[in-house]
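Structure, as structure tokens:
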Amino acid sequence: MAEYTLTDRVDILEQRVGSLEALPAKVTGLTTEVRRLREDILQHHSEMRAEFSATRNQIGALHEVAATRALELHDATNDRMDRLHSIAMTRMDVLHGIAIGRMEELHGVAMGRMDHLHGIAIGRMDYLHGIAIGRMDHLHGVAMGKIDELRLEVTTRMQDLQTDIKAILERLDKR
């Protein structure tokens with residue numbers, strides 16, 4: 001190793017310390033990335049909640065329509081049964097059976113539609129969940145990689161600095 005003057009060694013030491021001063025900015029940048037990741041996750045969570053809420057509202061609206069329709073059919077059937085009662089008791093039994101069958105059919109259709117919408121909602125939730133997990137895993141990997149790089153860089157620089165300080169101290173002791 002070539003002999004350096006004390007001024008040269010101090011300059012070299014100052015350069016190395018100067019490069020270490022850049023590390024907090026890199027850590028701050030990484031902190032910002034992690035903060036953005038958290039914000040993205042919260043946004044996706046809010047979007048998923050809004051979509052779930054909209055799906056629940058659609059299901060509720062369909063249920064209301066089915067219930068209203070069933071009540072309307074029931075009322076119509078009862079009115080018709082009252083009018084037909086005066087004509088014949090047997091006719092009333094037949095019409096009552098028809099009305100009950102129709103209500104069950106409509107109920108089956110409504111339940112089928114609700115099951116279908118529920119399946120779509122579950123599929124969307126699974127899809128969005130998969131996307132969110134994938135993004136979190138990716139960003140976690142990126143963050144961990146950057147942290148490892150920074151650790152290695154800090155360790156290397158600290159070792160270099162310790163070596164330089166020892167060399168400087170040894171030279172100073174020799175004088």
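Distance from the Cα centre of region 1-57 to that of region 83-158, in angstrom?
38
With +1 on each Lys and Arg Cβ and -1 on each Asp and Glu Cβ, how big is the dipole of the chain about its Cα centre, in debye rounded to the nearest 20?
It comes to approximately 80 debye.
For the chain, calculate the relative contact order in percent as a whole number, restricting contacts to Cα pairs under 8 Å that are 6 or more residues apart.
Once normalised by length, the contact order is 38 percent.
In nanometres, what is the gap between the two model label sites at residue 87 and residue 172, each 7 Å from Cα along Cα-to-Cβ?
Distance between label points: 11.6 nm.
Which aspartates and glutamates have a Cα less than 18 Å from the Cα of residue 166, not counting those fewer than 8 places away in the same chain?
Counting by Cα, and skipping residues close in sequence, residue 166 has these aspartates and glutamates nearby: 3, 8, 11, 14.
With runs of 4+ DSSP H residues as the only contributors, calculate the mean residue ellipticity of the chain at 222 nm using -39,500 (n - 2.57) per run, divided by the residue total and rounded to the nearest 500.
-35500 deg cm²/dmol
Which label belongs to the value computed from this structure, given these candidates for volume of the Cα convex hull per residue in Å³: (1) 96; (2) 208; (3) 273?
Comparing each candidate, only (1) matches the computed number.
Where a number appears in this text, it was derived from the coordinates with a stated rule and is not lab data. Everything quoted here is computed from the prediction, not taken from an experiment. In this analysis, Cβ positions are derived from the backbone assuming ideal geometry, glycine residues included, and neighbour counts consider all displayed protein chains.
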